[in-house]
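The structure under discussion appears below in the form of structure tokens.
The values are calculated or read from the model by the stated rules, or taken from the named source; none is laboratory data. Note that this is a predicted model, so its numbers are computed, not measured. We place every Cβ from the backbone using ideal geometry, glycine too, and count neighbours over all the protein chains shown. All accessible areas refer to the heavy atoms of the entire protein, side chains included, with ligands and DNA or RNA removed. Shrake-Rupley method; radii C 1.70, N 1.55, O 1.52, S 1.80 Å.
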Amino acid sequence: MPFLGVVLLLALGSSGFAQTRTSSSKVSAAPAPITQPVQPAKPPITPPAVLHTVDPEYPSEARRKKISGDVWIGMTVGTDGVPSDIHVLQSAGHGLDEEAVKAVQQYKFRPAMQAGVPVAVTVKVHVQFKIRRSFW
């Protein structure tokens with residue numbers, strides 16, 4: 001995932017100030033000069049937009065046992081809008097994880113953009129499996 005913050009590295013002494021001694025042995029403190037140029041902030045990243053999703057299959061055993069659960073998937077959305085490096089961040093078990101991964105592999109995105117250029121980003125996707133109860 002691209003870094004969205006700015007880090008300023010300043011060359012300072014261990015105390016953060018340059019120290020000078022005067023003839024009377026008194027110590028005075030003055031801010032040290034910046035010795036490295038400050039890097040300009042990068043333009044903001046526009047997040048990817050979902051163009052196509054696929055509903056996961058509900059595993060038959062989980063459905064039969066009326067098991068519900070939430071699966072969190074981590075992945076990279078590439079500059080082409082295709083997901084890669086898909087992995088389970090939070091598991092629900094009972095076959096739900098595998099079905100969530102199969103569904104997310106088929107997602108399509110408009111890629112994230114930075115200064116008009118597509119960039120790869122890491123995202124989290126929440127896949128919820130829920131048994132709907134019938135009142136009939």
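Side notes on the structure shown:
Per-residue answers, yes or no, for (1) open to solvent by 30 Å² or more (accessible area, probe 1.4 Å); (2) part of a loop (DSSP other than H, G, I, E, B); (3) modelled with pLDDT of 95 or more:
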| site | (1), (2), (3) |
| --- | --- |
| 28 | yes, no, no |
| 35 | yes, yes, no |
| 42 | yes, yes, no |
| 72 | yes, no, yes |
| 79 | yes, yes, yes |
| 97 | no, no, yes |
| 125 | no, no, yes |
| 135 | yes, yes, no |
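- Output for the range 61-112, where each listed residue is under 14 Å from residue 51 (Cβ atoms) and either touching a Cys at 6+ places or on another chain (Cβ under 6 Å) or of a type in the set (A, V, I, L, M, F, W, C) (or both): 77, 82, 104, 109, 112
- Number of the condition not met by residue 85 [criteria: (1) part of a strand (DSSP E or B); (2) open to solvent by less than 80 Å² (accessible area, probe 1.4 Å); (3) modelled with pLDDT of 95 or more]: (2)
- Residue count for the range 99-123 under the criterion of being aromatic (Phe, Trp, Tyr) and either surrounded by fewer than 17 Cβ atoms within 10 Å (Cβ to Cβ) or not in a loop (DSSP other than H, G, I, E, B) (or both): the result is 1.
- Against the list (1) assigned to a loop (DSSP other than H, G, I, E, B); (2) open to solvent by less than 90 Å² (accessible area, probe 1.4 Å), the condition residue 55 fails is (2).
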